[in-house]
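The values are calculated or read from the model by the stated rules, or taken from the named source; none is laboratory data. If you're wondering where the values come from, they're calculated on a predicted model, not measured in any experiment. Glycine also receives a Cβ, built like all others from the backbone with ideal geometry; neighbour counts cover every protein chain displayed.
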Amino acid sequence: MAILVCGGAGYIGSHNVRALLARGEKPVVIDNFLTGHKPAVPTDVRLYEGDMRDPALLDAIFSEQHVDAVLHFAASSLVGESMAQPLKYFQNNIGGMLALLEAMSRHGTDKIVFSSTAAVYGEPDSVPISEDAPLRPTNPYGESKLAMERIMHWVGQAYGIRSVILRYFNVAGAWPDGSIGEDHRPETHLIPLILQVPLGKRPAITIFGDDYPTPDGTCIRDYLGVMDLVDAHLRALDHLRGGGESTICNLGNGEGFSVRQMVEAAQRVTGQNIAVNVGARRPGDPARLVASAERAGHILGWRAQAGIAEIIASAWAWHRTHPNGFAS
Ligand code: UFG
């Protein structure tokens, strides 16, 4: 039986594909390569190039492969872009989910693990954030993921499709040997941007605001290693295969680090000085996002293992050896 990995050529999807292979599963990938990278997919994995909103393509995949379960990573995911182009986000993300669930119900596939996001919470009243916190997205990206969650809920009730929804906090790092990693164009995420300084690709990292109500004035986030994230997906798959009920779990370390602390940690990992500028706040950035991942512990037996030094070291192994990402 195959595991269909939607968006398997993207950052998080490609790490999951490798991990599935490593434990003897048969992943098959669909990706439209708007943001994914062909070299990120191992050559022995069946790759379907095309858009998830194409029902004929989905029918072909589900007919050719015996799809036991779906891991769904495919989505547009830039918060800033979503503010400027909300319809793109609702079309791609919600449209993709509808087409996928329709195909799953047509072909009798009843298990799905879905990548959601801390962005469904918006600005939290308090941290750590539990899954029961108010859901008030502050951008169309988060709104689209919340809509996808709600669609899965109702479709699950009607058609018996069980789901594990994983709300990721700040995912970072790379496969430990540095052979695959993060390659977004444009890059907007903090750790890859910080590491561009020791790579000589930018003179300094700009901190987006140092007047937040946090100890050093910079935003606090919960950084989670991509390999821990992969582990959570495999556990979620096992949970569903074992007959487990649908659930929603936050994924984070449960510990927050400020932007300045991340720069300092990167200096220690790379052994190089990293120049810093302080710029204006980035619109829409909450001051502090930290997960309570207790539910993932109870239900999936999952706990994040990698700390920020290990996460940054793996990212550094990737970026140092692939300064131009997959085009290196
Ligand atoms: N930051 C800087 N300078 C930069 C880039 C980022 O100071 O050049 C700061 C941001 O202001 C933020 C922190 O670093 O405080 C982390 O920023 P990222 O862009 O790496 O990540 P975000 O927390 O904005 O976004 C992440 C995910 C999104 C998700 C969001 C939920 O990447 O997909 O969390 O709020 F939607």
Residues located in region 269-305, provided they are in contact with a Gly (Cβ under 8 Å, 6 or more places away or on another chain), of a type in the set (Gly, Ala, Ser) and within 11 Å of Ala232 (Cβ to Cβ): Ala293, Ala304
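When you look at Arg288, is it farther than 22 Å from Gly142 by Cα and crowded, with 18+ Cβ neighbours inside 10 Å, yes or no?
No.
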Condition met for Ala69 (touching a strand residue (DSSP E or B) at 6+ places or on another chain (Cβ under 9 Å), at pLDDT 95 or above and under 13 Å from Pro27 (Cα atoms)): yes
Residue within region 146-164 that is within 10 Å of the ligand (Cβ to nearest atom), at pLDDT 95 or above and not β-branched (Val, Ile, Thr) present: no
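Would you say Arg281 is part of a loop (DSSP other than H, G, I, E, B) and more than 22 Å from the chain's Cα centre (by Cα)?
yes
In region 4-26, what count of residues is obtained for those that are over 19 Å from Ser77 (Cα atoms) and surrounded by 24 or more Cβ atoms within 10 Å (Cβ to Cβ)?
Taking region 4-26 and keeping what is over 19 Å from Ser77 (Cα atoms), we get 4, 17-26.
Filter once more, keeping what is surrounded by 24 or more Cβ atoms within 10 Å (Cβ to Cβ): 4, 17.
Count: 2.
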One residue from Leu240, Leu229 being outside any loop (DSSP other than H, G, I, E, B), away from the ligand (no atom under 16 Å from the Cβ) and touching a residue at least 40 places away in the same chain (Cβ under 8 Å): Leu240
Residue match in region 106-128 (condition: more than 10 Å from the ligand (Cβ to nearest atom), of a type in the set (D, E, K, R), surrounded by 20 or more Cβ atoms within 10 Å (Cβ to Cβ) and over 23 Å from Cys219 (Cα atoms)): yes
Unique match (being surrounded by fewer than 20 Cβ atoms within 10 Å (Cβ to Cβ), hydroxyl-bearing (Ser, Thr, Tyr) and within 20 Å of the chain's Cα centre (by Cα)) among Thr206, Thr214, Thr247: Thr247
Residues located in region 29-46, provided they are part of a strand (DSSP E or B) and surrounded by fewer than 19 Cβ atoms within 10 Å (Cβ to Cβ): Arg46
Residue match in region 131-142 (condition: within 15 Å of the ligand (Cβ to nearest atom), farther than 27 Å from Ala296 by Cβ, among the hydroxyl-bearing types (Ser, Thr, Tyr) and out of contact with any strand residue (DSSP E or B) (no Cβ under 6 Å at 6 or more places or on another chain)): no
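So that you can scan it fast, the table gives a plain yes or no per residue for (1) more than 9 Å from the ligand (Cβ to nearest atom); (2) among the small types (Gly, Ala, Ser):
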| position | (1), (2) |
| --- | --- |
| Thr206 | no, no |
| Pro215 | yes, no |
| Cys219 | no, no |
| Gly271 | yes, yes |
| Gly279 | no, yes |
| Ala287 | no, yes |
| His298 | yes, no |
Val171, sole failed condition from (1) surrounded by 15 or more Cβ atoms within 10 Å (Cβ to Cβ); (2) more than 13 Å from the ligand (Cβ to nearest atom); (3) hydrophobic (A, V, I, L, M, F, W, C): (2)
Within region 61-88, tally of residues that are within 22 Å of Glu49 (Cβ to Cβ), within 16 Å of the ligand (Cβ to nearest atom) and crowded, with 21+ Cβ neighbours inside 10 Å: 5
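Residue-by-condition table, conditions (1) among the polar types (S, T, N, Q); (2) touching a residue at least 60 places away in the same chain (Cβ under 8 Å):
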position	(1), (2)
Glu64	no, no
His72	no, yes
Ser77	yes, yes
Lys88	no, no
Asn93	yes, no
Met97	no, no
Glu102	no, no
Asp110	no, no
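If a residue must be part of a loop (DSSP other than H, G, I, E, B) and buried (at least 23 other Cβ atoms within 10 Å of the Cβ), how many such residues does region 297-319 contain?
Counting residues in region 297-319 that are part of a loop (DSSP other than H, G, I, E, B) and buried (at least 23 other Cβ atoms within 10 Å of the Cβ) gives 2.
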